[in-house]
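J.: A single structure is presented below for examination.
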Amino acid sequence: MKEAGYARPLFFFWYGAMRKQGSMIVALGLLLVMTAIVIVVVVFNRKEPDVVLQGVDYYNQKKYESQLDDCLKVISEDPNYTIAYYNAACCYAQLSQSGKALEMLEQALILDRNEGRAYGMRESAEKDPELDPVKGNPAYVLMMERYR
């Protein structure tokens, strides 16, 4: 039987390399490289929604309520958008709503951990002066320890 002339899925490429080379190490290496490529494309090929970019302008103008509205809109559309949770935490902190700030920050830390710490949320939180209003809160300290 003649092989089709179209591109094979990645699995068949990997399986064919394993059979031809006869080396499991080579095949596993190829699989690892292909997996890394997929992860890079998924994580770094995300386009920021316009509302997030507008929210940054609001934040720079210290219009925290407007930025917060934008963040909550993005979260309602994409509940896995890590940066929106982080930005909402900063807004709540600046609006002296530490309970909500800590809720949003924890969600950002959870999503960041699930994404392999792609965004470095914990490190950002420790350095970010916008979160200073909540940094003295014992719940913040415990949270930072949990996500160390």
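J.: In whole Å, what three semi-axes, largest first, describe the equivalent ellipsoid of the range 76-148 built from its Cα gyration tensor (square root of 5 times each eigenvalue)?
T.: With the √(5λ) rule applied to the range 76-148, the semi-axes are 18, 14, 10 Å.
J.: Summing Lys, Arg as +1 and Asp, Glu as -1, what charge do residues with Cβ under 12 Å from the Cβ of residue 107 carry, residue 107 excluded?
T.: -1
J.: Rounded to the nearest Å, what's the spacing between the alpha carbon centres of the range 62-77 and the range 100-148? Just the number, please.
T.: Computed from Cα coordinates, the inter-centre distance equals 18 Å.
Quick note: the coordinates plus some simple rules give every number you see, no bench work behind them. Remember, it's a predicted structure, so these values are computed and weren't measured experimentally. Backbone-built Cβ (ideal geometry, glycine too); neighbour counts: all protein chains shown.
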